[in-house]
1. Karplus couplings for region 70-79 from phi (6.51 cos²θ - 1.76 cosθ + 1.60, θ = phi - 60°), rounded to Hz, Gly and Pro as x?
2. Compute the Cα gyration tensor for region 44-136, then decide on rounded, prolate or oblate, letting a ≥ b ≥ c be the square roots of its eigenvalues: rounded whenever a/c is under 1.5, prolate when a/b is larger than b/c in the other cases, and oblate in all that remain.
3. Quick one: what are the phi-derived ³J(HN,Hα) couplings along region 7-14, Karplus 6.51/-1.76/1.60 with θ = phi - 60°, whole Hz, x for glycine and proline?
4. When the accessible area of region 7-74 is computed with all protein chains present and a 1.4 Å probe, what percentage of it is carbon and sulfur?
5. Quick one: accessible area per residue over region 1-64, 1.4 Å probe, rounded to a whole number of Å²?
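The values are calculated or read from the model by the stated rules, or taken from the named source; none is laboratory data. From a predicted model like this one, the values you see are computed outputs, not experimental measurements. The protein model used for the area step is the full one, side chains on, heavy atoms only, and it has no ligands, DNA or RNA in it. Shrake-Rupley method; radii C 1.70, N 1.55, O 1.52, S 1.80 Å.
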Amino acid sequence: MEFEPRRLPGHPRDIRNRWLRTAWSLIRRKLLTAVIGCLLYGAAIELIDHHGTPALDDPWGLITWLTMVLAICATAPWFMAAIMGVAYAADHSRNAFALWRDLFLGSSRRLIGPLSLRTMLIYGGVLCGAQVALLALTEWLLVPAEPEQSPPVLWEPSGPIAWLLIGCAEHVWYAVLASPLAVALAELFAIPVLMRTESDRVQAIRLSALGVQRNLGPIRRCYVGLPLMLLAALLPGPITILGFGFASVVVYVAYREIYEARAENLPETAHSAAFVPAAPPG
């Protein structure tokens, strides 16, 4: 039978709370492994995040910074898949490290690769365009036409509160431009659908969009949009990564309830018997 999502009965708030409780219970079973995954991802970002100052008068620094943004965006699907693998391992009493090995060395790698490229091009392209537009706005439009004159100081920050306001304004700029893509939740379940069914990317996105459409109420209650994005951007990096990891586990729990809680989607009748194609049923 066809692998199809279902519409969950019940109040959206109750469904959301159930997802959150289940996600936390899965993390507690594999807490050390989940923390190791977050630490490895944080270390990978630190290795990538050695960039120049983004300025239009420094082409190499700007190119280095934009390349860093693209690389970080490309790593996000791999981190999500790795943390979902931890949740699957906790859910089925499996070894998470074996699932990670299959993710990076086995057949799962070819499933996540195209999605990683798509994330890099779309989300990374939006963020890079936002940065270039912001630089152009500050360096061209706010500078007087006569280069021999010293540009007037429009506003000089005088304390930490002023610098905080500047940082908030920059995050607002990025988040406003990126949020239409972030709230377009069609690809929310694409990673677990890919790894569960060995679908191609187009089919996985179609199934993901259908699952989101049928359960938009509880999904909206788990994702509150722009304010959450701004808060995440202002938090320290380690806390942001931990929150990203927990959100990935919530996505796994929601996927499991929406897609696999149907008779025709049980492991014995589905195309693949487990979250990871190479793994037997848990």
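1. Each residue's phi maps through the Karplus curve to give 4, 5, 5, 4, 5, 7, 4, x, 5, 5 Hz.
2. Details: a/c = 3.23, a/b = 2.72, b/c = 1.19.
Because a/c hits 1.5 or more and a/b exceeds b/c, region 44-136 counts as prolate.
3. Values per residue, Gly and Pro as x: 8, 7, x, x, 6, x, 5, 5 Hz.
4. Working: 2660 of 4130 Å².
Carbon and sulfur: 64 percent of the exposed surface of region 7-74.
5. Numbers: 4200 Å² over 64 residues.
Ligands and nucleic acids excluded, the figure is 66 Å² per residue.
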